[in-house]
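The values are calculated or read from the model by the stated rules, or taken from the named source; none is laboratory data. As the structure is a computational prediction, the values presented were derived from the model and not from experiment. A quick note on method: Cβ atoms are made from the backbone with ideal geometry, for glycine too, and the neighbour counts reach across all protein chains shown.
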Amino acid sequence: MKIKEIKIGKVSIPLKKPFKTALRQVNSAEDIIIKVITDTGAVGYGNAPPTAVITGDSQDSIVAAIRDTLGPKLIGMDIDNLEGIMTTLDMAMLHNSSAKAALDIAVYDLFGQLYNIPLYKLFGGYCNKLTTDLTISVNDPEEMVQDSLAAIAEGYTELKLKVGTDVVMDCKRVEAIRKAVGYDVKIRLDANQGWSPKEAVRIIRKFEQLGLNIELIEQPVKAHDFDGLKYVTDRVETDIMADESAFGTYEVFKLLSMSACDLINIKLMKAGGLHNAVKIANFAETLGIQCMLGCMLESKVGITAAASLAAGKKIVTRADLDAAVLLAEDPVVGGVSFAQNEIILSEAPGLGITDVKDWQEIN
């Protein structure tokens, strides 16, 4: 099974409501979805959402990287030469992690099809379903309370609250939501780099003093501020998770070497795909550091890939894979399925995806 052709396309999917963080607001998912086609006629699907404020990748840059540099180097390569393909991707160009992730996912999809195995089993087969949290966008406290209560009514037991815009308002948001939802619901906070190290320590200590029972705080400080992240981690009782700081394999190795965080959030678009994400999970497992599998605003193609790794690995103890649930429509046929807060893995080979409706090819 050799790679014969790579087709690049896009889908535009409206969100149920605007997605707001300390870094950006998004009203629709504008995802690049590729088809890697082999000489046997098999098709592998890959996904890359442009997230310029985090990965530096725009829709145009993803397309150009795949079309002009990465894709041509893969033509003619055997799918069963997985290591060779991934080495080629890594060495073809610097950065461009989202473009690399799209190709990586499609190749893994084909690898699973070639050997007739679902990807979650290829990655270890630890479980066949996951519990995901639901993200609550940053808004005024009253709107966030209503969104949180609506999520619980839909069956979610874990909420990820976006904060980081203002420390005083952040405290009001978290207090109001905890009071409204009670203490049976897990609450995670994601500051998206919105606090300084000292601000983070002050507000997290206040959460602790108020007994708000926050499970973890994600990326309280700037991505490049490893020392600041360690400063926070060393001075609070609440677990601190690295996200934007934990970009790729090198950054995660450095974070773990410094003991700069308690948890790692793995995202395929940062890591450059599944191949490097597995390396990150192995680093973490070696040191006993639990991981979350997170996402950008991927379609169900990317979510299925991330969920496959999360289900395969025991060290992945948490999932923040709600992007497909936030979308008003699902154009992807096959892949994972959802039952309230559960993600159920497909037993079909590879990703188990057979089509993407309304896919528009880009020439």
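May I ask you to verify whether residue 179 is surrounded by 22 or more Cβ atoms within 10 Å (Cβ to Cβ) and either basic (Lys, Arg) or in contact with a His (Cβ under 7 Å, 6 or more places away or on another chain) (or both)?
Spelling it out, it is not the case that residue 179 is surrounded by 22 or more Cβ atoms within 10 Å (Cβ to Cβ) and either basic (Lys, Arg) or in contact with a His (Cβ under 7 Å, 6 or more places away or on another chain) (or both).
Exactly one of (1) over 21 Å from the mean Cα position of the chain (by Cα); (2) of a type in the set (S, T, N, Q); (3) surrounded by 16 or more Cβ atoms within 10 Å (Cβ to Cβ); (4) within 30 Å of residue 278 (Cβ to Cβ) is unmet by residue 116. Its number?
Looking at each condition in turn, residue 116 falls short on (3).
Has the stretch 339-347 got at least one residue that is more than 24 Å from residue 17 (Cα to Cα) and in contact with a helix residue (DSSP H, G or I) (Cβ under 7 Å, 6 or more places away or on another chain)?
Within the stretch 339-347, one or more residues are more than 24 Å from residue 17 (Cα to Cα) and in contact with a helix residue (DSSP H, G or I) (Cβ under 7 Å, 6 or more places away or on another chain).
Which strands (runs of 3 or more DSSP E) sit wholly inside the stretch 1-61 and have at least 1 residues that are under 21 Å from residue 322 (Cβ atoms) and modelled with pLDDT under 95?
3-20, 25-38
Here are 51, 38: which of them is within 29 Å of residue 161 (Cα to Cα), of a type in the set (Val, Ile, Thr) and in contact (Cβ under 8 Å) with a residue 40 or more places away in the chain?
Testing whether each residue is within 29 Å of residue 161 (Cα to Cα), of a type in the set (Val, Ile, Thr) and in contact (Cβ under 8 Å) with a residue 40 or more places away in the chain leaves just 51.
Of these, 31, 104, 109, 78, which one is exposed (fewer than 15 other Cβ atoms within 10 Å of the Cβ) and either closer than 23 Å to residue 266 by Cβ or not assigned by TED's automatic domain parsing to the domain that holds residue 250 (or both)?
78
Kindly indicate whether residue 231 is farther than 19 Å from residue 53 by Cα, in a loop (DSSP other than H, G, I, E, B) and at pLDDT 95 or above.
no
For residue 24, only one of the following conditions fails: (1) surrounded by 18 or more Cβ atoms within 10 Å (Cβ to Cβ); (2) free of Cβ contacts under 8 Å to residues at least 40 places away in the same chain. What is its number?
Here residue 24 clears every test but (1).
Take residue 277 and decide whether it is part of a helix (DSSP H, G or I), farther than 27 Å from residue 47 by Cα and hydrophobic (A, V, I, L, M, F, W, C). Give the derivation first.
Numbers: part of a helix (DSSP H, G or I): yes; farther than 27 Å from residue 47 by Cα: no; hydrophobic (A, V, I, L, M, F, W, C): yes.
It is false that residue 277 is part of a helix (DSSP H, G or I), farther than 27 Å from residue 47 by Cα and hydrophobic (A, V, I, L, M, F, W, C).
Hey, can you tell me all the residues within the stretch 83-98 that are loosely packed, with under 14 Cβ neighbours inside 10 Å and hydrophobic (A, V, I, L, M, F, W, C)? Quick ask: steps written out before the conclusion?
Pass one, the stretch 83-98, residues loosely packed, with under 14 Cβ neighbours inside 10 Å: 83-84, 87, 91, 94.
Answer for the stretch 83-98, where residues must be loosely packed, with under 14 Cβ neighbours inside 10 Å and hydrophobic (A, V, I, L, M, F, W, C): 91, 94.
What are the pairs, 6+ residues apart or on separate chains, where a residue within the stretch 56-73 that is under 17 Å from residue 296 (Cα atoms) has its Cβ under 7 Å from a residue that is surrounded by fewer than 16 Cβ atoms within 10 Å (Cβ to Cβ)?
56/95; 58/52; 59/30
On the given criteria, is residue 173 surrounded by fewer than 19 Cβ atoms within 10 Å (Cβ to Cβ), among the basic types (Lys, Arg) and outside any loop (DSSP other than H, G, I, E, B)?
Here the answer is no, as residue 173 does not meet what is asked.
Mind checking which residues of the stretch 213-248 are surrounded by fewer than 18 Cβ atoms within 10 Å (Cβ to Cβ) and basic (Lys, Arg)?
Within the stretch 213-248, 222, 235 qualify.
Residue 217 - would you say it is of a type in the set (Val, Ile, Thr), at pLDDT 95 or above, under 26 Å from residue 55 (Cβ atoms) and not in a loop (DSSP other than H, G, I, E, B)?
The answer is yes for residue 217.
Please specify each residue of the stretch 261-274 satisfying the condition of being over 18 Å from residue 120 (Cβ atoms) and either assigned to a loop (DSSP other than H, G, I, E, B) or within 12 Å of the chain's Cα centre (by Cα) (or both).
Once the filter is applied, which keeps residues that are over 18 Å from residue 120 (Cβ atoms) and either assigned to a loop (DSSP other than H, G, I, E, B) or within 12 Å of the chain's Cα centre (by Cα) (or both), the stretch 261-274 yields 261, 262, 264, 265, 269, 270, 272.
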